[in-house]
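To start, the structure under review is shown below, and the notes come after it.
The values are calculated or read from the model by the stated rules, or taken from the named source; none is laboratory data. Computed from a predicted structure; not experimentally measured. Using ideal geometry, Cβ is built from the backbone for each residue, glycine included, and neighbour counts are taken over all protein chains shown. When the accessible area is computed, the model is the full protein with side chains, heavy atoms only, and any ligands, DNA or RNA have been set aside. Shrake-Rupley method; radii C 1.70, N 1.55, O 1.52, S 1.80 Å.
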Amino acid sequence: MLELEVHDLEVLVLTGVYSEETHLPQPLRISLTVLLDAPAHFAPDTPLSVSKNYLDLKHAATSALPPGVHFTLIEGVADYIAETLFLQDQRVRRVKVKIVKLAIAEEGESIGITLVRHRR
């Protein structure tokens, strides 16, 4: 197995429960760890197709999020990202999505969730 990681993407997402949150996108910090089936060995000339492009992970957490869709909970954002990655590549076995809500931090603390999904 191979773990691919993309951390600390800052993304504006329509999310929130309270009225002051529901009309404007909120800044979220999104980090992903994806467990991928891997070969027994990576030779010096192994092509990228044997692994996975990190930009695919970034895409799932940024431009693949549907524009104009309001996610009530950030858990829904995390689930959407995980499902996008599972659909992208059959080799993806597990997706871990960590989301920090930047707008509610008062003194630099990290407030958010971590969601882990396994391929069914």
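How much mean residue ellipticity at 222 nm does the chain get from its helices, if each DSSP H run of length 4 or more adds -39500 (n - 2.57) and you divide by all residues, to the nearest 500 deg cm²/dmol? The per-residue figure over the chain is -6000 deg cm²/dmol.
In this structure, E75 and N53 have a Cβ-Cβ separation that, at R0 = 35 Å, corresponds to a calculated FRET efficiency of about 0.85.
The ellipsoid that matches the Cα gyration tensor of the range 57-119 has semi-axes, each √(5λ) in whole angstrom, of 23, 14, 9, with the longest given first. Take the chain with all the other protein chains still there, run a 1.4 Å probe, and you get 59 Å² of accessible area per residue.
Taking the accessible area of the chain, probe 1.4 Å, and keeping the other protein chains in place, the carbon and sulfur fraction comes to 54%. For the range 1-62, the calculated P(r) over all alpha carbon pairs, in 5 Å bins from 0 to the bin holding the longest distance, is 4, 15, 20, 16, 13, 11, 8, 5, 4, 3, 1 percent. Relative contact order, whole percent, for the range 3-97 stands at 35, derived from Cα pairs under 8 Å and 6 or more residues apart. Quick one: net charge around K58, please, counting Lys, Arg +1 and Asp, Glu -1 for every other residue with C-beta under 12 Å from its C-beta. Residues near K58 contribute -3 overall. Phi angles across the range 43-58 convert, under the Karplus curve 6.51 cos²θ - 1.76 cosθ + 1.60 with θ = phi - 60°, into 3J(HN,Hα) values of 7, x, 9, 4, x, 4, 4, 7, 9, 9, 5, 4, 5, 5, 5, 4 Hz, Gly and Pro given as x. Geometric descriptor of the range 13-120, per residue, is 114 Å³ (volume of the convex hull of the Cα atoms).
A simple count of charges around K98, restricted to other residues whose Cβ falls under 10 Å of its Cβ and scoring Lys, Arg +1 and Asp, Glu -1, yields +1.
For D56, the solvent-accessible surface with a 1.4 Å probe is about 60 Å², rounded to the nearest 10. Counted by Cβ distance under 15 Å from V34, the other residues give a net charge of +2, where Lys and Arg count +1 and Asp and Glu count -1. I need the calculated FRET efficiency for the pair E107 and D8, taking r as the beta carbon distance and R₀ as 30 Å, to the nearest 0.05. Efficiency, from the Cβ-Cβ distance: 0.95.
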